[in-house]
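Peer 1: Sending over a structure as structure tokens; questions will come in a sec.
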Amino acid sequence: MAADFKTAQPVEYYRKFLEKDVRPDGRELGEIRPTMINIGSISTAEGSALVKLGNTTVLCGVKAEVTNPKSEEPDKGIIVPNVDLPALCSPRFRPGPPSEQAQVVSQFMVEVIQNSGCIDPKDLCIKAGKHVWVLYCDLVCLDYDGNVTDACVLALMAALKNVSLPKVTLNEESGNLETHMQEKWGLNILCQPVATTFAIFDDCIVFADPTDEEENLATGKVTIVTTEEDKICFVHKPGGSPLSDDKLQNCLQRSFIRAREARNLVETTLVNVDR
Amino acid sequence: MAGLELLSDQGFRIDGRRPHELRRIQCRMGVFGQAEGSAYVEQGNTKVLAAVYGPHEIRGSRGKMQPDKVLINCQYSMATFSTGERKRRPRGDRKSQEMTKHLQQTFEAAVLTHLYPRSQIDIFVEVLQSDGGNYCASVNAATLAIIDAGIPMKDYVCACSASYIEDNPVVDINYLEESSGSAELIMAMLPKSEQIVLLQMNSRLHEDNLSKVMDMATQGCKDVHSILDTAVREHLTSSIALQDSSVT
């Protein structure tokens, strides 16, 4: 009976739940799905992390290469995030070139890295003007159940914290690069941005961490990225229903708490990874 | 002898296995909620994820519709971080296209295609970490995913590779053995009836040795079958137990 009602009138179905301040999956409005992280599971990558946010699963692998720097920034390394939403992860994605959504999320990741300043690109310099590291951060969504952005940001940061690179020096005489496989170093992560997404339903009800179903019914969405000491580094609200100032304040407060929890989770997981 | 010693004097391979020994296979079924069927297979250091969607209506060009049988649509993709050197494209390169085609041909031969005319079954395979035997791990994972989706097949399709190294047939070769230049034979078979679904051999091998390598691969497929079968039975027992406990 309930299932029929849900299929026929999904919005009405949700309203009935939201009247009681609860969601069909049993969560409260501000509650975020259980989050799990597995770090260092891919041994072919320099750093990797798997993040599960409820059913949504994202795997991030970081590969490092040595390349020539851009001429306008000769002493800065390059970080290239790329989000892939393959047909495997949900029935609504078709095989083919990257979807618009995947490109939007990729660009979002670029902006998060730049705005938060989580890595100083100068750390990735081997010899200014000649050789710099490029970090290809590939994020593959394995199961799509809404809110990939949060999962992606978490996976990316956890994977970057896991990166271990060999020491590379330039031999001035021969001009060749020398790799010291024994001497490994990790990236200096200056801060850890955490994204929290909220969906707006019926122009007034705001709830955190929407599932795929909720994303489809939502009339708007807002993503807040915060770093340590409750600093906001990025707010993204792509159109949709307008949001009042005090509602946004509530979202901000919720996202600060979430960010602290997520950072603790990453830290405790990293302690248990020997690498 | 130059370079690596692929088979030691004591008869051990580079990763410490005996010539007839498979790598450790770990599998899980029903890993996702979104797909009708899904499975994850770890064969040594090769890690593969498979998802099956369907049978459903034909998507995309309706011209592909077959009036008498189901269309099997495969996609093989390798994560860019799965290999030692970064891959430029996860899919769409020739090697992946070839693999896609192989998977499609393999499963067209094994799935009871006449049961779902005018429909489509999607099999998506993603290699997360690669250490040789990608085709074999993909087939094994896809088989489990199809079983998980409840799509009838003639039998399990089990795949295994074999090679001939220093006058010894060896089974389930890893990346180092694969790239050593010796012959590589990959075989997919229906183990109960011992029918070969797909067989491919690269590189040179003397005719006299072919049967030895084939026997090795056949035995490998049967070993894989018993592992997969145990996994399926365990999965079913635990999911039935779960249902029972939720009823009471």
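The values are calculated or read from the model by the stated rules, or taken from the named source; none is laboratory data. Not measured: the values here are computed from a predicted model. As a convention, Cβ positions derive from the backbone with ideal geometry for all residues, glycine included, and neighbour counts pool all protein chains shown. The area values use the complete protein model at the heavy-atom level, side chains included, leaving out ligands, DNA and RNA. Shrake-Rupley method; radii C 1.70, N 1.55, O 1.52, S 1.80 Å.
Peer 1: Does any residue in region B:220-248 that is free of Cβ contacts under 8 Å to residues at least 12 places away in the same chain and part of a helix (DSSP H, G or I) come within less than 8 Å, Cβ to Cβ, of a residue that is open to solvent by 50 Å² or more (accessible area, probe 1.4 Å) and among the basic types (Lys, Arg) six or more places away or on a different chain, and which pairs are these?
Peer 2: none
Peer 1: I need a count of the residues in region B:57-73 that are open to solvent by 10 Å² or more (accessible area, probe 1.4 Å) and not in a loop (DSSP other than H, G, I, E, B).
Peer 2: So the count comes out to 6.
Peer 1: Okay, next question. Criterion first (surrounded by fewer than 19 Cβ atoms within 10 Å (Cβ to Cβ) and farther than 23 Å from B:MET99 by Cα) does B:GLY181 satisfy it?
Peer 2: Judged against the criteria, B:GLY181 is not a match.
Peer 1: Can you pull out every residue in region B:149-173 that is crowded, with 23+ Cβ neighbours inside 10 Å and among the acidic types (Asp, Glu)?
Peer 2: Listed by number, the list holds a single entry, B:ASP172.
Peer 1: (1) open to solvent by 10 Å² or more (accessible area, probe 1.4 Å); (2) away from chain A (no Cβ under 14 Å); (3) not polar (S, T, N, Q): which one isn't true of B:CYS136, the others all being true?
Peer 2: Failed condition: (1).
Peer 1: Additional query: If only one of B:GLY54, B:GLY63 is more than 7 Å from chain A (Cβ to nearest Cβ), out of contact with any Asp or Glu (no Cβ under 9 Å at 6 or more places or on another chain) and not acidic (Asp, Glu), which one is it?
Peer 2: Answer to the selection: B:GLY63.
Peer 1: Assess whether A:LEU156 counts as being in a helix (DSSP H, G or I), open to solvent by less than 10 Å² (accessible area, probe 1.4 Å) and closer than 20 Å to A:LEU265 by Cβ.
Peer 2: Yes.
Peer 1: Working only within region A:218-264, note down all residues that are open to solvent by 40 Å² or more (accessible area, probe 1.4 Å) and among the hydrophobic types (A, V, I, L, M, F, W, C).
Peer 2: A:ILE232, A:VAL235, A:LEU243, A:LEU248, A:ILE257
Peer 1: As an exercise: evaluate A:LYS70 against (1) over 22 Å from the mean Cα position of the chain (by Cα); (2) of a type in the set (Lys, Arg); (3) under 28 Å from B:GLY60 (Cα atoms) and give the number of the one condition it does not meet.
Peer 2: Evaluating A:LYS70 over (1) over 22 Å from the mean Cα position of the chain (by Cα); (2) of a type in the set (Lys, Arg); (3) under 28 Å from B:GLY60 (Cα atoms) leaves (3) as the failure.
Peer 1: Return the only residue of B:LEU242, B:LEU144, B:LEU176 being open to solvent by 60 Å² or more (accessible area, probe 1.4 Å) and closer than 25 Å to B:GLU98 by Cα.
Peer 2: Only one candidate qualifies: B:LEU176.
Peer 1: With (1) part of a strand (DSSP E or B); (2) in contact (Cβ under 8 Å) with a residue 60 or more places away in the chain; (3) within 12 Å of another protein chain (Cβ to nearest Cβ) as the list, and B:SER77 as the residue in question, which single condition is left unmet?
Peer 2: Failing condition for B:SER77: (2).
Peer 1: Shifting gears a bit: Assuming B:ILE186 fulfils every condition listed in (1) out of contact with any strand residue (DSSP E or B) (no Cβ under 9 Å at 6 or more places or on another chain); (2) in contact (Cβ under 8 Å) with a residue 12 or more places away in the chain apart from one, which condition is it?
Peer 2: Of (1) out of contact with any strand residue (DSSP E or B) (no Cβ under 9 Å at 6 or more places or on another chain); (2) in contact (Cβ under 8 Å) with a residue 12 or more places away in the chain, only one is false for B:ILE186: (1).
Peer 1: Then there's this: I need a count of the residues in region A:11-56 that are in contact (Cβ under 8 Å) with a residue 40 or more places away in the chain, more than 26 Å from the chain's Cα centre (by Cα) and open to solvent by 50 Å² or more (accessible area, probe 1.4 Å).
Peer 2: Total meeting the criteria: 2.
Peer 1: Let me ask something else about it. Restricting attention to region A:116-151, and to residues there that are part of a helix (DSSP H, G or I) and in contact with a Ser or Thr (Cβ under 9 Å, 6 or more places away or on another chain), which single residue is nearest to A:GLY175 (Cα to Cα)?
Peer 2: Among them, the one singled out is A:SER116.
Peer 1: Is it true that A:THR268 is crowded, with 19+ Cβ neighbours inside 10 Å, free of Cβ contacts under 8 Å to residues at least 60 places away in the same chain and under 30 Å from A:ILE42 (Cα atoms)?
Peer 2: So A:THR268 does not fit the description; no.
Peer 1: Another question, if that's okay. Out of the residues in region A:57-102 that are surrounded by fewer than 23 Cβ atoms within 10 Å (Cβ to Cβ) and of a type in the set (Lys, Arg), which is nearest to the other protein chains (Cβ to nearest Cβ)?
Peer 2: So the residue we want is A:ARG94.
Peer 1: Output yes when any residue across region B:16-28 is away from chain A (no Cβ under 14 Å), part of a strand (DSSP E or B) and either open to solvent by less than 70 Å² (accessible area, probe 1.4 Å) or modelled with pLDDT of 90 or more (or both), and no when none is.
Peer 2: Yes, region B:16-28 contains at least one residue that is away from chain A (no Cβ under 14 Å), part of a strand (DSSP E or B) and either open to solvent by less than 70 Å² (accessible area, probe 1.4 Å) or modelled with pLDDT of 90 or more (or both).
Peer 1: For region A:103-145, how many residues meet the condition of being open to solvent by less than 20 Å² (accessible area, probe 1.4 Å) and within 12 Å of chain B (Cβ to nearest Cβ)?
Peer 2: 10
Peer 1: Quick one: is B:GLY33 closer than 18 Å to A:THR56 by Cβ and at pLDDT below 90?
Peer 2: Spelling it out, B:GLY33 is indeed closer than 18 Å to A:THR56 by Cβ and at pLDDT below 90.
Peer 1: Can I ask one more? Filter region B:192-219 down to the residues that are over 22 Å from B:ARG23 (Cβ atoms), open to solvent by 50 Å² or more (accessible area, probe 1.4 Å) and either among the charged types (D, E, K, R) or not in a strand (DSSP E or B) (or both) and list them by number.
Peer 2: Selection gives B:LYS192, B:SER193, B:GLU194, B:ARG204, B:HIS206, B:GLU207, B:ASP208, B:LEU210, B:SER211.
Peer 1: Collect the residues in region B:74-88 that are open to solvent by less than 10 Å² (accessible area, probe 1.4 Å) and among the small types (Gly, Ala, Ser), keeping them in residue-number order.
Peer 2: B:SER77, B:ALA79, B:SER82
Peer 1: Quick check on region A:197-209. Is at least one of its residues free of Cβ contacts under 8 Å to residues at least 24 places away in the same chain and buried (at least 21 other Cβ atoms within 10 Å of the Cβ)?
Peer 2: yes
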